[in-house]
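*Asks:* For reference, the structure I am asking about is given below.
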Amino acid sequence: MASGIGSELKSESYKITGDPRKPDGAPSSSVKMTCSRSNFRAAGWKEEDFKKPIITIAAPYSNSMPCNNQFLDLANILVEEVERLGGKAHLAITPVISDGQTQGTRAMRYSLVSRELIADCIELMHEGYHADAIITLGGCDKSVPAAVMPLARQDLVGISLFGGPALPGLHPGSGGGACATGSRAEGRALDPGKVMEAIGAYGKGIIDLEELHTIECAGLPGSGSCSAMFTACSMASAVEALGMALPGTASHPAMTRDDPRSIPEQKRADCVATVQALFALLGKKISTRQIITKESLENATTVIYAVGGSTNAVLHLLAIAHEAGIPPEQYNIEDFHRIGQRVPLLANVSPHGPYHMSDLDRMGGIPVVMRELLDAGLLHGGCLTVTGKTVAENLANTPSISSLGPDQDVLFPVGRPLSSAGNHIVVMKGNLAPDSAVCKLSGKENVELVGPARCFDDEDSAFQAIMAGEIKKGDVLVIRYEGPKGAPGMPEMLSPGSALVGAGLGKDVALVTDGRFSGASHGIMVGHVTPEAAAGGPIALVRDGDIITVRPGARLLSLNVSDEELASRLAAWRPKERTDVRGTLSKYATQVRSAAVGATTT
């Protein structure tokens, strides 16, 4: 970058540091903003800093969680590069909630809520300081979409950087050598999903307490987001496909085997490249809404299906579309389904396969997947990205999956996919879900279950029933009042879902809920049922023994109860009184919209 480039890029921040070009009495004149500069000086700013563009570095940070515990270090690397290039860095630390740590607790109610709060905090810290451009860091599940939403909302000049996945854990019995280089090692690579399933296996007597403890200690080896294609890596992949992150950065690991806490050189290089890209965007005046369009959202959706991503991507992409001002008639939950049904499953990664994000990285990362999809006519190559180039231009020299050869089984080409199109995320409807519900097949075919309902009004009681052996083959487990308003916060049902799988019931019991599922979830799982129970949706009216049909192939979720009987039950139904909802959760419950439109609050 040329000397003095910073001052050439300063524009918006003159409103807070003062514009020497304006007459004394004008808004934002240098004289009017004297007190503002006095405060900046008290914080350590020098005279020359007032001539520089202000660059926000937004970091959702906590020292208590592996996904985001490196973010102060990452932020400081970004700060150093911003200052080197002539900008003035403005650090914005936001709250962040760990899905992994709150799983199975009532604290999980704060997870989806945190998406809105992080987005609002980033907006507040950026707009409240009239900054010129922004870099946001994403790590744990909700912080990845939250890092993009305010950029779309305010049409900022900005770019997002994923903190990176952790490496998979190594079970002591696997030897470690092969796993450490990414090989399958007979499935002994561990991730948080395996840890959760081990709880169910212990409850069923399949493993003992010592083995459960071994898996607990080995499952998560160091810093970084979940190592598999769970929600964090799914959304990092989507953000890269959306054009809001630099190509390849979604899969670069946050750790090494030798040093599981420090930031690897590749991720440091990502920080430097991200700052350089931001300055280029600022120079070209390329803002977020030029990048996030109907077509780029379709690209992100396509990649989610190709890699076998999380059902949470439905919520988050709908929310990003809403923040970007994309009308619902252009992109909605039915569009998500329609786009996905053209896309085969290409990535053989956990939770549906044996490999992890680091293995995908060895293959070339998300750009290799996108090149395969572009060559197959499944992507819009003309979409602009944060590189200043189009998708097609970014991928011009990237190999496709087809060119990788037959000696790997991490990625499969479109012509010979891991599973054919139509066998991943399915948006369902029926008299049990008049608006929508979401099911993840992850390559499973001919899934169907018709069985009696076992109803629970909260996750905890359902989990207790599973661990006590009360749920039998053929049952349809209904967990309700866990939606956006009902919980409130729409917590994930990973604990009961994993307990079912760990107990060997994953293929024989369906779980239907107005809550969400983790990206780690697999089995016959139907979530996001709308209208939710708290809104008087049909899921609130189900009784034990009612026959439920789960038929994803026909997009059907139905209750074998007559319309007349449902009307009678609805007339007698009364909303649940909640005495334990106060503060942030109470505010959220009054503002949040249906999961069918992304559970947004703006």
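The values are calculated or read from the model by the stated rules, or taken from the named source; none is laboratory data. The structure displayed is predicted, hence computed values, not measured ones. Note that each Cβ is placed from the backbone with ideal geometry, even for glycine, and that neighbours are counted across all protein chains shown. To get the accessible areas, we keep the full protein, side chains included, count just its heavy atoms, and leave off ligands, DNA and RNA. Shrake-Rupley method; radii C 1.70, N 1.55, O 1.52, S 1.80 Å.
*Asks:* Among the residues of the range 580-589, is there at least one that is basic (Lys, Arg), without any contact (Cβ under 8 Å) to a residue 24 or more places away in the chain and open to solvent by 60 Å² or more (accessible area, probe 1.4 Å)?
*Replies:* yes
Matching residues to (1) within 25 Å of Asp132 (Cα to Cα); (2) in contact with a Leu (Cβ under 8 Å, 6 or more places away or on another chain); (3) modelled with pLDDT of 95 or more; (4) of a type in the set (Asp, Glu):
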site: Ser262; (1), (2), (3), (4): no, no, no, no
site: Ala269; (1), (2), (3), (4): yes, no, yes, no
site: Ala277; (1), (2), (3), (4): yes, yes, yes, no
site: Val314; (1), (2), (3), (4): no, no, yes, no
site: Ala319; (1), (2), (3), (4): yes, no, yes, no
site: Glu323; (1), (2), (3), (4): yes, no, yes, yes
site: Ile326; (1), (2), (3), (4): yes, yes, yes, no
site: Gln330; (1), (2), (3), (4): no, no, yes, no
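*Asks:* Do we find that Ser234 is of a type in the set (Ser, Thr, Tyr), closer than 17 Å to Leu346 by Cα and in contact (Cβ under 8 Å) with a residue 40 or more places away in the chain in this structure?
*Replies:* yes
*Asks:* OK, next. Search the range 479-514 for residues being under 21 Å from Ala468 (Cβ atoms) and within 20 Å of the chain's Cα centre (by Cα), and hand back the single one that is surrounded by the most Cβ atoms within 10 Å (Cβ to Cβ).
*Replies:* Gly497
*Asks:* Which count do you get for residues in the range 82-99 that are more than 12 Å from Thr136 (Cα to Cα) and either hydrophobic (A, V, I, L, M, F, W, C) or buried (at least 23 other Cβ atoms within 10 Å of the Cβ) (or both)?
*Replies:* Residues meeting the conditions: 9.
*Asks:* Further question: Within the range 434-454, does at least one residue satisfy the condition of being touching a Phe, Trp or Tyr at 6+ places or on another chain (Cβ under 6 Å) and under 14 Å from Gly527 (Cβ atoms)?
*Replies:* Checking the range 434-454: not a single residue is touching a Phe, Trp or Tyr at 6+ places or on another chain (Cβ under 6 Å) and under 14 Å from Gly527 (Cβ atoms).
*Asks:* Return only the number of the condition from (1) more than 22 Å from Ile366 (Cα to Cα); (2) touching a Leu at 6+ places or on another chain (Cβ under 8 Å) that Gly158 does not satisfy.
*Replies:* Failing condition for Gly158: (1).
*Asks:* Hey, can you tell me all the residues within the range 443-491 that are in contact with a Pro (Cβ under 8 Å, 6 or more places away or on another chain) and outside any loop (DSSP other than H, G, I, E, B)?
*Replies:* Glu459, Ala462, Phe463, Ile466, Val476, Leu477, Ile479
*Asks:* Enumerate the helices (runs of 4 or more DSSP H) found wholly within the range 1-86, keeping only those where 2 or more residues are of a type in the set (Lys, Arg) and modelled with pLDDT of 95 or more.
*Replies:* Passing ranges, in order: 34-42.
*Asks:* If you don't mind, there's one more thing I want to ask. Just for the range 195-230: of the residues that are among the β-branched types (Val, Ile, Thr) and within 28 Å of the chain's Cα centre (by Cα), which one is most open to solvent (accessible area, probe 1.4 Å)?
*Replies:* Looking at the filtered set, the residue picked out is Ile199.
*Asks:* Same structure, new question: Of these, Ser518, Ser558, which one is open to solvent by 20 Å² or more (accessible area, probe 1.4 Å) and either of a type in the set (Ser, Thr, Tyr) or assigned to a strand (DSSP E or B) (or both)?
*Replies:* Every option except Ser558 fails the conditions.
*Asks:* State the number of residues belonging to the range 561-579 that are loosely packed, with under 10 Cβ neighbours inside 10 Å and outside any helix (DSSP H, G or I).
*Replies:* Adding up the residues that qualify gives 3.
*Asks:* Okay, moving on. If you take the residues in the range 231-261 that are assigned to a loop (DSSP other than H, G, I, E, B) and among the β-branched types (Val, Ile, Thr), which one is surrounded by the fewest Cβ atoms within 10 Å (Cβ to Cβ)?
*Replies:* Thr256
*Asks:* Let me ask you something else. Regarding Glu448, is this residue at pLDDT 90 or above, within 30 Å of Leu378 (Cβ to Cβ) and open to solvent by 10 Å² or more (accessible area, probe 1.4 Å)?
*Replies:* Here the answer is yes, as Glu448 does meet what is asked.
*Asks:* Let me spell it out: the conditions are (1) outside any strand (DSSP E or B); (2) open to solvent by less than 20 Å² (accessible area, probe 1.4 Å); (3) in contact with a Ser or Thr (Cβ under 8 Å, 6 or more places away or on another chain); (4) of a type in the set (A, V, I, L, M, F, W, C), and Val529 meets all of them except one. Which number is the exception?
*Replies:* Among (1) outside any strand (DSSP E or B); (2) open to solvent by less than 20 Å² (accessible area, probe 1.4 Å); (3) in contact with a Ser or Thr (Cβ under 8 Å, 6 or more places away or on another chain); (4) of a type in the set (A, V, I, L, M, F, W, C), Val529 violates only (1).
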